[in-house]
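Colleague: Sending over a structure as structure tokens; questions will come in a sec.
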Amino acid sequence: MKNVRDILRSKPSAYVYSVRPDSKVLDAIKLMSEKGVGALLVTENDKVVGVISERDYARKVVLMARSSHQAEVREIMTADVISVDPTQSMESCMELMTEKRIRHLPVIENDELIGMISIGDLVKNIISDQKFMIEQLQQYIRGETA
């Protein structure tokens, strides 16, 4: 089974979008929309200090009647960032995401951010692996060799 590094290599863009903690929530939401992502890392002095997601926005701005024009990212971000190492398996990441009820995992290697994976990235790769395995088993059953 693939690991996190394999997933990052397979992504069309390994670029991770981020905002500062003092950014306005509206600017963060605009960036998510422009880039077609569901979460942004919050960085300060080249260190990850949080994550802001569409879920944070819905629960901490919309439902609490805050102004996205005035609220800062630091007010609604998730500060307890859970990250993974590039050598971790897809399985362990799925377990972690399920257990912690999160959808995005920053990937940290040697104290440096090297990417971010989403639950969608994991599902896509798991389906691809299963499809390959099914094709291999079908060839074996038919007596075909590669």
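We did not get these values from a lab; they are worked out from the coordinates using the rules stated. The model shown is predicted, which means the values in this text are computed figures rather than measured ones. A quick note on method: Cβ atoms are made from the backbone with ideal geometry, for glycine too, and the neighbour counts reach across all protein chains shown.
Colleague: Would you mention how many residues in segment 114-133 are of a type in the set (D, E, K, R) and touching a residue at least 12 places away in the same chain (Cβ under 8 Å)?
Modeller: Here the count works out to 2.
Colleague: Can you find a residue in segment 96-119 that is over 26 Å from G36 (Cα atoms), of a type in the set (V, I, T) and in contact with a Lys or Arg (Cβ under 8 Å, 6 or more places away or on another chain)?
Modeller: In the first step, residues of segment 96-119 are kept if they are over 26 Å from G36 (Cα atoms); the result is 110-111.
The next check asks that each one be of a type in the set (V, I, T); those that pass are none.
No, segment 96-119 contains no residue that is over 26 Å from G36 (Cα atoms), of a type in the set (V, I, T) and in contact with a Lys or Arg (Cβ under 8 Å, 6 or more places away or on another chain).
Colleague: Condition check: among the polar types (S, T, N, Q) and either exposed (fewer than 15 other Cβ atoms within 10 Å of the Cβ) or touching a Cys at 6+ places or on another chain (Cβ under 9 Å) (or both). Does S13 satisfy that?
Modeller: On the way: among the polar types (S, T, N, Q): yes; either exposed (fewer than 15 other Cβ atoms within 10 Å of the Cβ) or touching a Cys at 6+ places or on another chain (Cβ under 9 Å) (or both): yes.
When the stated conditions are applied, S13 passes them.
Colleague: Right, here's the next one. Please go through segment 29-57 and give me each residue that is over 17 Å from S118 (Cβ atoms), in a helix (DSSP H, G or I) and of a type in the set (A, V, I, L, M, F, W, C), ordered by number.
Modeller: Selection gives I29 alone.
Colleague: Among the residues of segment 17-54, how many are surrounded by fewer than 19 Cβ atoms within 10 Å (Cβ to Cβ), within 11 Å of the chain's Cα centre (by Cα) and of a type in the set (A, V, I, L, M, F, W, C)?
Modeller: Count: 1.
Colleague: Moving on. Select from segment 93-125 the residues that are hydroxyl-bearing (S, T, Y) and assigned to a strand (DSSP E or B) and list them in ascending order. Walk me through how you get there before you give the answer.
Modeller: First, pick out the residues of segment 93-125 that are hydroxyl-bearing (S, T, Y): 98, 118.
Result: S118, single match.
Colleague: If I go through segment 71-102 residue by residue, how many of them are closer than 15 Å to V123 by Cα, surrounded by 16 or more Cβ atoms within 10 Å (Cβ to Cβ) and touching a residue at least 60 places away in the same chain (Cβ under 8 Å)?
Modeller: Summing the residues that are closer than 15 Å to V123 by Cα, surrounded by 16 or more Cβ atoms within 10 Å (Cβ to Cβ) and touching a residue at least 60 places away in the same chain (Cβ under 8 Å) in segment 71-102 gives 2.
Colleague: Pull up segment 58-92, narrow it to residues that are assigned to a strand (DSSP E or B) and polar (S, T, N, Q), then point me to the one that is farthest from V37 (Cα to Cα).
Modeller: S89
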